[in-house]
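Read the structure below first, then the notes.
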Amino acid sequence: MSGTAAVPRAWRPSSPHVVPDPAQGPHLWLVTAPKPGEGLDLSVLDEGERDRAAALHRPADRALYVAAHTALRRVLGGYLGTAPARVALTRLPCPGCGGPHGRPAVTGPRGATVHFSLSHSGGLALLGVAARPVGVDIERVPTRQMAEDVASALHPSEQDELAALPAASRASAFARCWTRKEARLKATGEGVSNEALRALHLGTGTHPAEPSGWRIEDIQVPEGYTAACAVRR
């Protein structure tokens, strides 16, 4: 894998949507929240998604949630050849305890060939689709103080890497590392835990480490954000 960050497509609901072959993925879309005052189209969301949107108190969070999940359903509908509102989603069993809170998936046999992941933060969402298990994560770059406060959650070697950097570079390096970890843990369905974060080494540098069987890639997103994608080889 090259050191050049992948560039996601910009999601535009009004534009013609061409569905690429998932086997050539991962394919990525960057979703932007509607501007304040723009109407929200909930027509393709299911009842659970509408309830979760309504439960979000901040209008900006609600707008991004609706935009991201609408994009997800329209993209998946294109892959599956079905209307977005009829896309059936489920949760796979957790790989740790077997409970019904693993990674989200397409219901039925097509779930074995069309995998997806969705992440949102601060007005942007990142959507990934592939023919194999995939995870994406997007985050705002934290303040230097926040990065230092949370760095103890990382692998010991990653903590050492951060400590060796100039103070001004630590927040962005921390964010790179964190999104790589979240993407990988979302791809497996393990979920983010202190134990998992400390055990997984993906590095803080410009080139991510790659655990056996996985491809990890940094994603090019607007300044002030960082993002990553993990897909099973």
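Observations, loosely collected:
- Residue pairs meeting the criteria (Cβ under 8 Å; at least 6 apart or on separate chains; first over 12 Å from Ala71 (Cα atoms), in segment 4-28; second modelled with pLDDT of 70 or more and of a type in the set (S, T, N, Q)): Ala5/Gln220; Ala6/Gln220; Val7/Gln220; Pro8/Gln220; Pro22/Thr113
- Checking each residue in segment 101-132 for being open to solvent by less than 10 Å² (accessible area, probe 1.4 Å) and part of a loop (DSSP other than H, G, I, E, B) picks out Gly102, Val114.
- Considering (1) surrounded by fewer than 19 Cβ atoms within 10 Å (Cβ to Cβ); (2) hydrophobic (A, V, I, L, M, F, W, C); (3) under 19 Å from the mean Cα position of the chain (by Cα), the lone condition that Ala168 does not fulfil carries the number (3).
- Filter pass, Leu45 being touching a Cys at 6+ places or on another chain (Cβ under 7 Å) and not aromatic (Phe, Trp, Tyr): no
- Filter result for the condition that a residue is part of a helix (DSSP H, G or I), at pLDDT 95 or above, open to solvent by less than 10 Å² (accessible area, probe 1.4 Å) and within 22 Å of His27 (Cβ to Cβ), over Ala183, Ala175: Ala183
- Cβ-Cβ contacts under 7 Å between residues 6 or more apart (or on different chains), taken from a first residue in segment 220-233 that is basic (Lys, Arg) to a second residue that is open to solvent by 20 Å² or more (accessible area, probe 1.4 Å), are listed as Arg232/Arg132; Arg232/Gly213; Arg233/Gly213; Arg233/Arg215.
- Restricted to segment 190-233, and to residues there that are under 26 Å from Trp29 (Cβ atoms) and basic (Lys, Arg), the residue that is least open to solvent (accessible area, probe 1.4 Å) is Arg215.
- Of the residues screened, Asp51 is not one that is open to solvent by 60 Å² or more (accessible area, probe 1.4 Å), closer than 26 Å to Ala227 by Cα and at pLDDT 85 or above.
- Given (1) open to solvent by less than 10 Å² (accessible area, probe 1.4 Å); (2) in contact with a Lys or Arg (Cβ under 8 Å, 6 or more places away or on another chain), number of the condition Arg73 does not satisfy: (2)
- Test: residue in segment 91-100 that is open to solvent by less than 20 Å² (accessible area, probe 1.4 Å), small (Gly, Ala, Ser), closer than 24 Å to Thr188 by Cβ and in a strand (DSSP E or B): no
- Boolean, Pro8 is under 17 Å from Gly123 (Cα atoms), open to solvent by less than 30 Å² (accessible area, probe 1.4 Å), modelled with pLDDT under 95 and within 19 Å of the chain's Cα centre (by Cα): yes
The values are calculated or read from the model by the stated rules, or taken from the named source; none is laboratory data. Computed from a predicted model, the values in this text were never measured in an experiment. Every residue, glycine among them, receives a Cβ derived from its backbone with ideal geometry; neighbour counts consider all protein chains shown. Each accessible area value is taken on the protein alone, full model and side chains, heavy atoms only, with ligands, DNA and RNA left out. Shrake-Rupley method; radii C 1.70, N 1.55, O 1.52, S 1.80 Å.
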